[in-house]
Amino acid sequence: MTFVATAIALCLLCSVTTLNATAGDWQILVLDQDGKPLEDAVVELVVLDTPQPTPPQLPASVTVKQQGLNFVPFVSAIQVGTAVDFPNMDRTRHHVYSFSPAKVFEIQLYHGQPEQPVRFDQAGIVALGCNIHDYMEAYVFISNSPLLQVTNARGEAQFQSLEAGRYQLRLWHPFQQEDWALIEVEHKGNSQSQYQLTVQHRPKQPTPQRGFGS
């Protein structure tokens, strides 16, 4: 092997080694106070290292449907500036609204697709409701960080190809009983972490009420 070929091979080896040492998947498992998987928990990571690595970007728009006389999904996690569509898939009309300080808006009685999406331009937590069906509820978590996930039915949130370094971790759930203390965590490559959050369990999607407005 020539000197040049040897040098190239060594450079490629160094590149692979560096990549494996600085990036990896991070699976975070969120449990309730009884040690059971907690679905619909928001996991937010904020990069603390300087200079900051370039994180993946979230979609510029997402969808919260009204379907089966409920909001779907129950919890959404988006970055500031994201536009949210609220299509009505039901045969009845809905009147979507929010009085939350992070975004006050309403979409009056409508079928199908509203004329335009709603842009969430301030960090915070927004509770959604319907003026026709009082039991309908959903939540939108808006963050300045693009590193956001909502846990699945197994309580899992997966961050892929995440740069190694220091992060601020925040957990949030609509039914939590106390604020989560922000903690600093170290990510060193492919790893798994587990956290608990105290919640007051109740049905997240009540059985649709039949009669007026159904």
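The values are calculated or read from the model by the stated rules, or taken from the named source; none is laboratory data. On a predicted model such as this, the values are computed, not experimentally measured, just so you know. When we count neighbours, we look across all protein chains shown, and the Cβ atoms used for this are built from the backbone with ideal geometry, even at glycine. To get the accessible areas, we keep the full protein, side chains included, count just its heavy atoms, and leave off ligands, DNA and RNA. Shrake-Rupley method; radii C 1.70, N 1.55, O 1.52, S 1.80 Å.
Quick notes
- Residue within the range 101-123 that is in contact with a Gly (Cβ under 6 Å, 6 or more places away or on another chain) and surrounded by 13 or more Cβ atoms within 10 Å (Cβ to Cβ) present: yes
- Tally of residues being open to solvent by 30 Å² or more (accessible area, probe 1.4 Å) and either part of a strand (DSSP E or B) or within 21 Å of Q176 (Cβ to Cβ) (or both) across the range 124-134: 2
- First in the range 141-153 and open to solvent by less than 10 Å² (accessible area, probe 1.4 Å) and among the basic types (K, R), second anywhere and outside any loop (DSSP other than H, G, I, E, B) and at pLDDT 95 or above, Cβ under 6 Å, 6 or more apart: none
- Flag for I78 being at pLDDT 95 or above and farther than 18 Å from S143 by Cα: no
- All positions within the range 178-199 that are outside any strand (DSSP E or B) and either under 14 Å from S145 (Cβ atoms) or modelled with pLDDT under 95 (or both): E178, D179, W180, A181, L182, K188, G189, N190
- Number of positions in the range 174-206 that are more than 20 Å from W26 (Cα to Cα) and touching a residue at least 60 places away in the same chain (Cβ under 8 Å): 7
- All of (1) within 26 Å of A127 (Cα to Cα); (2) open to solvent by less than 20 Å² (accessible area, probe 1.4 Å); (3) small (G, A, S) hold for G189 with one exception: (1).
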